[in-house]
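Quick note: the coordinates plus some simple rules give every number you see, no bench work behind them. Worth saying up front: this structure is predicted, and the values here are computed from it rather than measured. Counting neighbours? That spans all protein chains shown, and the Cβs are built from the backbone with ideal geometry, glycine included.
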């Protein structure tokens, strides 16, 4: 079951309709006018320099603590240093084109970790944003990351498998209990997409795990067989 990852956002739909050559020229023009800077060290002319990229791939895999109803989970590293800077840039300091380029090395890092875990997975599901947040940001960073993991292993990306029903305030600074209350019934899953499937949830950061657990519960309620999760970082 292959699904089009571009369905996740209007920005992705627009991107799909632009020929690759024109996209390359557009990106080149932007780079000439506004030279990109490394998200970690600020070096000009690259979104992530070789030195910082090397630092990102040297992190150890972190097995996340038990987070029922999630079967198992892992992160690619600690939410600190270069990895933290790269994630912050991906979420808050990028336009869509820059986010795509930054997601490439980060997604490759996630794919390398996934290869070591050797999990059996049926579909890849990015943790969804609410439509209001998606319009504001222009892309879902979890979608951009998940595409690289999925394509590396020829797995289908199913962005509509879990949807966010309501917007919630930023969870930064909230306790685990506060996050759980805020996210209660915030997600729903589509039975025809998840029934009997083993899901790999993709997200950028796991802090308390409340968002991942809420997504997993929605998927299981809709008939998913099992849910695992992989994040870029563990806070």
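Neighbour counts of other Cβ atoms within 10 Å put 98, 211, 131 in the fewest-to-most order 131, 98, 211.
Here the simple spin-label model places points 7 Å from the Cα toward Cβ, and for residue 153 and residue 132 these points are separated by 3.5 nm.
Counting every other Cβ atom within 10 Å of each residue's Cβ, 55, 93, 136 order from fewest to most as 136, 93, 55.
Measuring r between the beta carbons of residue 117 and residue 44 and using R0 = 45 Å, the FRET efficiency lands at 0.80.
The Cα center of the range 121-200 and the Cα center of the range 51-97 differ in position by 16 Å.
Put simply, when 161-167, 117-123 are sorted by average Cβ atoms within 10 angstrom per residue, most first, you get 161-167, 117-123. Highest-first packing order for the peptide set 138-148, 81-91 is 138-148, 81-91, based on the mean count of other beta carbon atoms within 10 Å.
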